[in-house]
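Structure first, commentary second.
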Amino acid sequence: MTRPDITPRKGFLAENPSVSWFLGCLGLFTLGVTVLSQGFGPALLSTSMVKILGMTLCLCLIAVAMDVVWGYCGILSLGHFAFFGIGGYAIGMWLMYARTEGIVVESLANAPIPPTQAETRDAIATQIFGVVGSNELPALWAFAHSLPLQLVMVALVPGLLALVFGWLAFRSRVTGVYLSILTQAMTLALSLYLFQNDTGLRGNNGLSGLQNIPGLLHLPQSTIALWFFWASALALGLGYLLFAWLVSGKFGSVIRAIRDNEARVRFLGYHVESYKLLVFTLTAIVSGLAGALYYPQAGIINPAEIAPIASIYLAVWVAIGGRGRLYGAVIGAAVVSLASSWFTGGGAPDVNLGFYTINWTDWWLVLLGLGFVAVTLFFPRGISGLFDMLVRKP
Amino acid sequence: MTTLLEVSGVSVTFDGFRAINNLSIQIGEPELRAVIGPNGAGKTTFMDIVTGKTRPDEGRVIWGEKSVSLLGMSESAIARAGIGRKFQKPTVFEEQTVRENLAMALRNKRGPFDVLFHKRSRKGAARIAELAEEIGLRDHLPRRAGALSHGQKQWLEIGMLLAQDPRLLLVDEPAAGMTPAEREHTTDILKRAAKTHAVMVIEHDMEFIRRLGCKVTVLHEGAVLAEGSLDHVTQNKEVIDVYLGR
């Protein structure tokens, strides 16, 4: 009566050729950057350029997470940069504490009486918090002395925040633009809170000197930059694999169904809120990890990093790159953020029109806005949608 | 036959309009039941109440041997308890393939982690193939559901309902947009399902209902007007006045 399903069981990678392609390209890119920066010296690929590329890879990773939560699950979160920033703060606390500890221990080494542990701790606190007029180590910094504990915080704090926020929002069936506004409010509230001097994270000074890695101070920045670049590439590769696996199977099918018609999914017996919560939380954790790799390369983090606009940019990258295909998010994040640093970093020459000079630092946002409108109007599938035209000719 | 679903004294008001007015209705397992009534009689609202989409103002909805009240349960919990629904307007996931649509509906564990670590089994694949055969979409499994014709989407949704293997099937206008031959096939499927399940069919087409050959409940203004065989209700004076006479 029926024929058994004859589709052979294929492996995950065989069923998703784009994953292998992506990992191959990422590997080649990493190799290329390594060879160019090491083989030919800083003349060809400067240390700061390696850092920018490493940071871009971190931005690509959070963009992939954003694509999963928005492009696949239909939750337009405009707050994922908050999780990115929290990850950065969490690792920044250890970086600052451990480096300051090194400086304090060194300067007290010549003291006639060896300092007690409490004295060392006070000296560290004064060093770090003198700038906001405090000399006490806040309770928030209880784990800052320990790298493993702070690494746990990198994942745990964004995860918990997302879990609680998501549980409250999804349980009340807040969807669409209302949810977007709530996530904006979340990141804005967090940013404003951190701007205050007495929150224990140095107010608008933020955490700085993060490029100096304790224990590796004897190494030149060019080496450290390359190491972080590798770590970022590895994180992007693993994150991409994780998310590609997540969205490929039946789980991916269910979250895409939630995106298209969540009420109908409920009538099939799926508890929609649990799925959304899982996706929201998991992507928040990955965003935190991406932030923890990004800020040691940036060297500084302050509350402006998690201003609402940052999360909106994230959505713009994914929209420009093309939603619902993962590599689209990578393309969008890479193209737009690199273009952004080129235009605003003085890379692009001013255009003299005679009566007016276009200074790209000021006009970049206009260009980005026009680009966004153009993509929305003419390529609703984003840049990566152009691949479809090349591959599938009717 | 034991009572599977018992709805008693249910009323619901939308902005002052009484859509359901002290409605009581029962269905056993197994049983095939047709529900008819003019537009606005409350047929779809009744299904909304049973499936948890609409909360009634008063009344009771009792389910199963353990007499569980469905009123406090979420839509997904009610679906997991064993109530499946086919909507009047076919609602399938158009961006996904026929196979994916059926796989999602297939009776399996529904928790996010169960689904995440779900392994496609030979048994599941065989069941999908069997269902696809039954609904005439065997050659369309890899196609996008959005590319199907209206009639095929109807079939797909019936297939998804069967894939869920619920104890109670609520079927809203299954024959709309179907050819006579397809209608005949639909009645066959429903009658077969009703041998082991409770099946409740909303339909306007009298010929379709005659072919089902089952007990008929006539709704009017949110309440039961008459109940019995088709011949019995069609001879009822009130039914003729409100519905058939016109």
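When each of A:Ile255, A:Ile285 is tested for being within 11 Å of chain B (Cβ to nearest Cβ), out of contact with any Leu (no Cβ under 8 Å at 6 or more places or on another chain) and either assigned to a helix (DSSP H, G or I) or surrounded by 22 or more Cβ atoms within 10 Å (Cβ to Cβ) (or both), the lone residue that passes is A:Ile255. Is it the case that B:Phe87 is over 21 Å from B:Leu212 (Cβ atoms), surrounded by fewer than 23 Cβ atoms within 10 Å (Cβ to Cβ), of a type in the set (Phe, Trp, Tyr) and facing another protein chain (nearest Cβ under 9 Å)? Spelling it out, it is not the case that B:Phe87 is over 21 Å from B:Leu212 (Cβ atoms), surrounded by fewer than 23 Cβ atoms within 10 Å (Cβ to Cβ), of a type in the set (Phe, Trp, Tyr) and facing another protein chain (nearest Cβ under 9 Å). Of all residues in region B:144-186, those that are of a type in the set (Ser, Thr, Tyr) and surrounded by fewer than 22 Cβ atoms within 10 Å (Cβ to Cβ) total 2. Using the structure shown, decide if A:Pro148 is exposed (fewer than 15 other Cβ atoms within 10 Å of the Cβ) and in a loop (DSSP other than H, G, I, E, B). It is false that A:Pro148 is exposed (fewer than 15 other Cβ atoms within 10 Å of the Cβ) and in a loop (DSSP other than H, G, I, E, B). Considering only residues of region B:101-126 that are surrounded by 15 or more Cβ atoms within 10 Å (Cβ to Cβ) and of a type in the set (S, T, N, Q), which is farthest from A:Ser248 (Cα to Cα)? Here the answer is B:Asn108. If A:Asp5 passes every condition in (1) at pLDDT below 95; (2) closer than 21 Å to A:Phe243 by Cβ but one, which one does it miss? For A:Asp5, the exception is condition (2).
Taking the criterion of being in contact with a helix residue (DSSP H, G or I) (Cβ under 9 Å, 6 or more places away or on another chain) and in contact (Cβ under 8 Å) with a residue 60 or more places away in the chain, would at least one residue in region B:73-82 satisfy it? Give the steps one after another, and end with the answer.
Taking region B:73-82 first, the residues in contact with a helix residue (DSSP H, G or I) (Cβ under 9 Å, 6 or more places away or on another chain) are B:73-76, B:78-79, B:82.
From what is left, the residues that are in contact (Cβ under 8 Å) with a residue 60 or more places away in the chain are B:79, B:82.
Yes.
Taken over region B:106-122, the criterion of being among the charged types (D, E, K, R) and either at the interface with chain A (Cβ under 8 Å from one of its Cβ atoms) or within 18 Å of B:Asp165 (Cα to Cα) (or both) is satisfied by B:Arg107, B:Lys109, B:Arg110, B:Arg120, B:Arg122. Need the failing condition index for A:Asp388 against (1) within 30 Å of A:Tyr193 (Cα to Cα); (2) of a type in the set (D, E, K, R); (3) over 25 Å from the mean Cα position of the chain (by Cα), just the number. Of (1) within 30 Å of A:Tyr193 (Cα to Cα); (2) of a type in the set (D, E, K, R); (3) over 25 Å from the mean Cα position of the chain (by Cα), only one is false for A:Asp388: (1).
For region B:142-164, filtered to residues that are over 20 Å from the mean Cα position of the chain (by Cα) and over 25 Å from B:Arg110 (Cα atoms), the residue that is nearest to the other protein chains (Cβ to nearest Cβ) is B:Ala147.
Of the residues making up region A:238-252, those that are surrounded by fewer than 21 Cβ atoms within 10 Å (Cβ to Cβ) and within 10 Å of chain B (Cβ to nearest Cβ) are A:Trp245, A:Leu246, A:Gly249, A:Lys250.
Based on what the data block shows, is A:Ile301 free of Cβ contacts under 8 Å to residues at least 40 places away in the same chain and over 10 Å from the mean Cα position of the chain (by Cα)? No: the conditions fail for A:Ile301. Comparison of A:Val265, A:Val279, A:Val330 shows that the only residue that is among the hydrophobic types (A, V, I, L, M, F, W, C), more than 14 Å from A:Ser77 (Cβ to Cβ) and either facing chain B (nearest Cβ under 10 Å) or not in a helix (DSSP H, G or I) (or both) is A:Val265. Just a yes or no: is a residue in region B:93-100 buried (at least 18 other Cβ atoms within 10 Å of the Cβ), more than 9 Å from chain A (Cβ to nearest Cβ), of a type in the set (Phe, Trp, Tyr) and in contact with a helix residue (DSSP H, G or I) (Cβ under 7 Å, 6 or more places away or on another chain)? Scanning region B:93-100, I find no residue that is buried (at least 18 other Cβ atoms within 10 Å of the Cβ), more than 9 Å from chain A (Cβ to nearest Cβ), of a type in the set (Phe, Trp, Tyr) and in contact with a helix residue (DSSP H, G or I) (Cβ under 7 Å, 6 or more places away or on another chain), so the answer is no. Taken as a whole, region B:24-42 holds at least one residue that is in contact with a His (Cβ under 8 Å, 6 or more places away or on another chain), away from chain A (no Cβ under 14 Å), of a type in the set (Gly, Ala, Ser) and buried (at least 20 other Cβ atoms within 10 Å of the Cβ).
In region A:190-207, which residues are assigned to a helix (DSSP H, G or I) and either more than 19 Å from the chain's Cα centre (by Cα) or of a type outside the set (Gly, Ala, Ser) (or both)? Before you say what the answer is, go through the steps one by one.
At the first step, the residues of region A:190-207 found to be assigned to a helix (DSSP H, G or I) are A:190-195, A:197-199, A:203-205.
A:Leu190, A:Leu192, A:Tyr193, A:Leu194, A:Phe195, A:Asn197, A:Asp198, A:Thr199, A:Gly203, A:Asn204, A:Asn205 - these are the residues of region A:190-207 that are assigned to a helix (DSSP H, G or I) and either more than 19 Å from the chain's Cα centre (by Cα) or of a type outside the set (Gly, Ala, Ser) (or both).
Applying the set (1) buried (at least 20 other Cβ atoms within 10 Å of the Cβ); (2) farther than 17 Å from A:Leu76 by Cα to A:Ala162 leaves exactly one unmet item: (2).
The values are calculated or read from the model by the stated rules, or taken from the named source; none is laboratory data. Quick caveat: nothing in here was measured; it's all calculated off a predicted structure. Positions of Cβ are generated from backbone atoms using ideal geometry, with glycine treated the same way; all protein chains shown enter the neighbour counts.
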